[in-house]
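The values are calculated or read from the model by the stated rules, or taken from the named source; none is laboratory data. The structure presented is a predicted model; accordingly, all values stated were derived computationally and were not measured. All Cβ positions, even for glycine, are placed from backbone atoms using ideal geometry, and neighbour counts span all protein chains on display. These accessible areas exclude ligands, DNA and RNA; they are computed on the full protein's heavy atoms, side chains included. Shrake-Rupley method; radii C 1.70, N 1.55, O 1.52, S 1.80 Å.
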Amino acid sequence: MFPDLPTRIKQCARDAGFDLCGIAPACNFAELQVLPAWIADGKHGEMKYMEARDEAGDLKRASLARVAPWARSVIVCAINYNTAHPYSTRVQPEDAGQGWISRYAWAREDYHDAVLRRLKQIENELRGLLYATGDSLQLRSYVDTGPLIERVYAKYAGVGWIGKNTCIINQQLGSWLFLGVILTSLVLANDGFTKDDLTGNELTADLPAPDRCGTCTRCITACPTQAIVAPGKLDARLCISYLTIEKRGEIPDHLRSGMGRHVFGCDICQDVCPWNRKAPVTSAAEFEARDGLVNPALDWLAEMQQEEFRAVFRGSPVRRAKLSGLRRNAVIAMGNSGDKKFVPTLKKLCEDSDPVVAEHARWAVVTLEQTSNQRPVSSTQQETF
Ligand code: B12
Ligand code: SF4
Ligand code: SF4
């Protein structure tokens, strides 16, 4: 075994551009036990990938010991993606008729690629280091798509605590963090964990990051759709992030007004978090915002055609919503804007060849006609810090 490997790994992570790195044993931590009930209750909505099961019929994401029995440790890396732009809850009057794309999706490069590239750099360095020692090694890097709940391992790696909004929060950096993990066959025991059992199920680590939410409940109160149903428990079907990114087709009527001006993702439960008040700005150039994506013009998005969508969002996570989803979301935001200048465009869109866009445009026209010309001010817009 290479001397003081955990320290070398953390140095590799820093060299690769990560802001944080910690190591958790690959055990079935208690938090993973909430997944089966979450899925059984249908709280994942239409995200079928969350239901993936192994041959025995068990949920893959509920047990690393079952899906990757060779894995002994999880290297968890995090990178800050915050940029120097105002929060969505600090709406200026001139922004109110414009849309909101989540902070994480303004980036010049899709975070999956940006994070995976860095993880691969660590993998390569580790292979180089251990090749010389003759140690055998298995490594597998994931950003989002692995059979594990990354935030649970981030907690036990000391990267941050799981906030009541379910996000990983770091005391110094806040929660504007992307996570990436490397599963490894290495037993990296001396990383603040008890050493007795790194093979399986019972280990209790002594390094979870301490919970610093305290009595605060700002995220729960601020969530416009009451998606945080209890501290640390999210009903994804109600979450604007799910509705705008993952949900295809029609958005249930009763959830549309709560979506406000969000056209892709939602930042509210992080914008209001006191731990993000002084969140530092990223030094990674690829997370700088692309032109036009901060407070984007709603009519631009609602009338966008396939060719422009491809060009504007090439290599961007926004592609996941697909053109139809993004236009649908923009139309809902127009309906919620309280701004009657959108009525002529919306009336045109009522005849759109995309039936989803047309149906939501009809809803938006009715909604706008029922509101006075005053823009509605939600409780989160009035947020003071
Ligand atoms: C599916 C998914 C979503 C879904 C569901 C979100 C969710 N909370 O589960 C949707 C589409 C809604 C979503 C939204 C977002 N996501 Co997302 N998502 C994922 C994904 C792919 C899986 C998450 C998962 O397994 N959920 C299952 C449920 C059961 O887990 P959970 O709700 O987090 O519950 C855990 C804790 O709450 C804890 N717990 C249990 N009981 C209790 C009790 C208490 C008191 C507490 C405090 C905690 C707690 O245990 C549970 C896990 O077992 C991960 C990547 C990955 N592979 O892990 C990214 C990931 C979580 N997402 C991420 C991001 C950035 C977002 C958004 C901010 C994007 C945006 N701006 O719109 C929002 C945030 C919304 C929110 N408040 O969570 C980041 C989070 C980074 C961070 N700092 O935490 C991840 C890690 C992606 C990445 N690689 O960086 N996401
Ligand atoms: S992302 Fe938005 S909708 Fe989802 S829980 Fe947070 S505040 Fe609520
Ligand atoms: S807003 Fe408050 S309760 Fe919510 S995650 Fe932040 S500190 Fe925790």
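Assorted remarks:
- Annotation: of all residues in region 107-138 being open to solvent by less than 10 Å² (accessible area, probe 1.4 Å) and either within 30 Å of D291 (Cβ to Cβ) or not in a helix (DSSP H, G or I) (or both), the one that is modelled with the lowest pLDDT is A107.
- Scan of region 181-226 for residues that are part of a loop (DSSP other than H, G, I, E, B), β-branched (V, I, T) and modelled with pLDDT of 85 or more, ordered by number: V187, T215, T217, T225
- Tabulated pairs, region 335-364, first within 18 Å of Q305 (Cα to Cα), second crowded, with 16+ Cβ neighbours inside 10 Å and among the hydroxyl-bearing types (S, T, Y), C-beta under 8 angstrom, 6+ apart or interchain: D354/S324; V356/S324; V357/S324
- G17 vs. criteria closer than 30 Å to I268 by Cβ, outside any loop (DSSP other than H, G, I, E, B) and open to solvent by less than 40 Å² (accessible area, probe 1.4 Å): no
- Verdict on G214 being small (G, A, S), open to solvent by 50 Å² or more (accessible area, probe 1.4 Å) and near ligand 3 (Cβ under 10 Å from one of its atoms): yes
- Matching entry among A84, A71, A52 (being within 30 Å of G260 (Cα to Cα), out of contact with any Gly (no Cβ under 9 Å at 6 or more places or on another chain) and either open to solvent by less than 30 Å² (accessible area, probe 1.4 Å) or not aromatic (F, W, Y) (or both)): A84
- Number of positions in region 139-154 that are surrounded by fewer than 24 Cβ atoms within 10 Å (Cβ to Cβ) and within 16 Å of ligand 3 (Cβ to nearest atom): 1
- Inside region 292-342, residues that are among the charged types (D, E, K, R) and under 22 Å from R90 (Cα atoms) make up a count of 2.
- I39 being in contact with a strand residue (DSSP E or B) (Cβ under 9 Å, 6 or more places away or on another chain) and either assigned to a loop (DSSP other than H, G, I, E, B) or farther than 18 Å from S73 by Cβ (or both): yes
- The residue pairs whose first member lies in region 2-27 and is more than 12 Å from V181 (Cα to Cα) and at pLDDT 90 or above, whose second member is basic (K, R) and open to solvent by less than 70 Å² (accessible area, probe 1.4 Å), and whose beta carbons are closer than 6 Å, counting only pairs six or more residues apart or on different chains, are A16/R118; G17/R118.
- Scan of region 27-49 for residues that are of a type in the set (K, R) and surrounded by 13 or more Cβ atoms within 10 Å (Cβ to Cβ), ordered by number: K43
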